[in-house]
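Have a look at the structure below before the remarks.
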Amino acid sequence: MDNEIFEALLEILLVVQQPKAERQLLQTTGDNLEPAALPVMIRIAQYPGISVGELAEQVGRHHSSVSRQVDRLVKAGWVVETDRSDRRIRRLDLSEHGQRVWVRLKMTQENIVKQRLTAAGYTAADQRQLAATLQRLALTLTTPPQRPQKREN
């Protein structure tokens, strides 16, 4: 069973992260965002205040290449720096324009998934149950495991 869960998650990730699918998503929304910037935008949207270093770690790229990508996004008006109290750390958030684009991207992706689920015969109840299960899984996977507490004798 555990292997089946992992295999299903892997398959979903591979479908969602296909460069072709990302390009089509961007074309559908009509936004002039380069596909390589999409993972950066997604993480900034999901984690407001994320630093460039944290971002580089999450997207699996070198700090310098993510920093250059961020510079382009800032210059294009998609991203803003939120905190430079420590000059060594750049904290980021989406600009108003970036937030509008993010909403369009999410809505477009949501509609695509909903259409696919409906076409595959998922009822509204099935979709609610799937959403609840996936939300629970996301919470489980993103919450650090707790260490067992020592018992006092």
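The values are calculated or read from the model by the stated rules, or taken from the named source; none is laboratory data. Keep in mind that this is a model prediction, so the values were computed, not measured. Heads up, the Cβs are rebuilt from the backbone with ideal geometry, glycines too, and the neighbour counts pull from every protein chain shown. The accessibility values were calculated without ligands, DNA or RNA, using every heavy atom of the protein model including side chains. Shrake-Rupley method; radii C 1.70, N 1.55, O 1.52, S 1.80 Å.
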I need the phi-derived Karplus couplings for region 42-56: 6.51 cos²θ - 1.76 cosθ + 1.60, θ = phi - 60°, integer Hz, Gly and Pro marked x. 4, 5, 5, 5, 6, 10, x, x, 5, 8, 4, x, 5, 4, 4
Once R0 is set to 41 Å, what does the formula 1/(1 + (r/R0)^6) return for the Cβ-Cβ distance between T118 and H63, expressed as a FRET efficiency to the nearest 0.05? 0.45
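Given Cα pairs under 8 Å that are at least 6 residues apart, what percent is the relative contact order of region 60-153? Could the numbers behind the result be given before it?
Working: 36 pairs, mean separation 12.7, N = 94.
Here the relative contact order equals 13 percent.
Just to verify a number: FRET efficiency for A8 and R100, C-beta to C-beta distance, R0 = 30 Å, to 0.05? Don't skip to the answer; put the middle values down first.
Numbers: r = 33 Å, r/R0 = 1.10.
Computed FRET efficiency for A8 and R100: 0.35.
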GNM top mover of T28, T143, T133 - the chain, alpha-carbon springs below 10 Å: T143
Carbon and sulfur atoms account, in whole percent of the 1.4 Å probe accessible area of the chain, for 53 percent
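So what is the calculated 222 nm ellipticity per residue for the chain, using -39500 (n - 2.57) for each DSSP H run with n of 4 or more, over all residues, to the nearest 500 deg cm²/dmol? Kindly include the intermediate steps, with their values, before the conclusion.
Details: 7 runs with 99 residues, N = 153.
Here the helix-only value at 222 nm equals -21000 deg cm²/dmol.
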Hey, of (1) 9, 31, 32, 19, 7, 2, 0; (2) 12, 43, 32, 11, 2, 0; (3) 9, 30, 23, 24, 12, 2, which did the structure itself give for P(r) over Cα pairs in 10 Å bins from 0, in percent when calculated? (1)
Under the Karplus relation with 6.51, -1.76 and 1.60 and θ = phi - 60°, whole-Hz ³J(HN,Hα) for region 127-139, x at Gly and Pro, equal 5, 5, 5, 4, 4, 4, 5, 5, 5, 5, 4, 4, 5
Keeping all protein chains in position, work out how much accessible area H63 exposes to a 1.4 Å probe, and write it in Å² to the nearest 10. 100 Å²
Mean Cα-pair separation over length for region 33-75, i.e. relative contact order, pairs under 8 Å, 6 or more apart, %: 37 percent
Would you pull out the residues with amide H under 5 Å of V79's amide H, same chain only if 5 or more places away, H placed 1.01 Å from N? V74, S95
Taking only protein heavy atoms into account and a 1.4 Å probe, give the accessible area per residue of the chain in Å². 76 Å²
